[in-house]
Every structure is written in C-alpha cells, then in structure tokens.
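Input: a single structure, listed below in structure tokens.
Nothing in this text is a laboratory measurement; each read-out follows from the coordinates by a stated rule. What you see is a predicted model, and the numbers here were worked out from it, not measured in a lab. Here the Cβ is made from the backbone with ideal geometry for all residues, glycine too, and neighbour counts use every protein chain on show.
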Amino acid sequence: MILTEERLRSDLEVLNHGGEEAIALFLAMGALLMESGHPDALRDWIVIAAPALPERERGEVMILLMQACLHSEIHTCEPARSEH
C-alpha cells in the first residue's frame, strides 16, 4: 500500500479536525497497514498521525487501544523491540 502525498494531506486534515471520524480513520489506517504486512508503514503512520490528533482524541485512541490490549491476553500486547 502506497500513501500518496495528496491522500496523506487529506487524512491529516481529518485527523486535525478531530471527532469520531478522526479516531476511526486513525485506527482503520493502522489496522489496514498492520493487516497488509507493512510494519514500517504502520510505524510511520503512527509517528505522523498521532501528533495530528487533538489531545482529546489522542487520549481516546490510547484508551481504546489499552482496552483492546488488556481485553486479550496481556502477553500478546508486548511492546515492539527496537533493533537499534
């Protein structure tokens, strides 16, 4: 999957605006990148997109992710290890 500059700008506008649509976009894009086997693109998306979310929505995303992580077995939610 290739994100064009135009698509990225459009997505960042949605994220900056906030609300449920921004949260849904952030999570949907992350899921799409993860499911399509692009961990580097997922990491890039998070680095770019998370700061674009307003603070309230960023907090809501964190809550949703923590609930999903803690709902499943805790061992499946170990942090990614850096190879540096």
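With a Förster radius of 30 Å, plug the Cβ-Cβ distance of Leu32 and His71 into 1/(1 + (r/R0)^6) and report the FRET value to the nearest 0.05.
Once the sixth-power term is evaluated, E becomes 0.90.
Each residue of segment 58-72 in turn: what ³J(HN,Hα) in whole Hz from Karplus with 6.51, -1.76, 1.60 and θ = phi - 60°, glycine and Pro shown as x?
These are the phi-based 3J(HN,Hα) values: 4, x, 5, 4, 4, 4, 4, 5, 5, 4, 5, 5, 6, 5, 7 Hz.
Could you give the radius of gyration (one decimal) and Dmax (whole number) of the Cα atoms in segment 7-76, in Å?
That works out to 12.2, 36 Å for Rg and Dmax.
Count neighbours as other Cβ atoms within 10 Å of each site's Cβ, and list the GluC sites (Glu not before Pro) in segment 1-75 that are DSSP loop with at most 13 such neighbours.
Within segment 1-75, the qualifying GluC sites (Glu not before Pro) (loop, at most 13 other Cβ atoms within 10 Å) are Glu73.
For the pair His17/Val47, report the inter-label distance in nm, with labels modelled 7 Å from Cα in the Cβ direction.
The two pseudo-label positions are separated by 2.8 nm.
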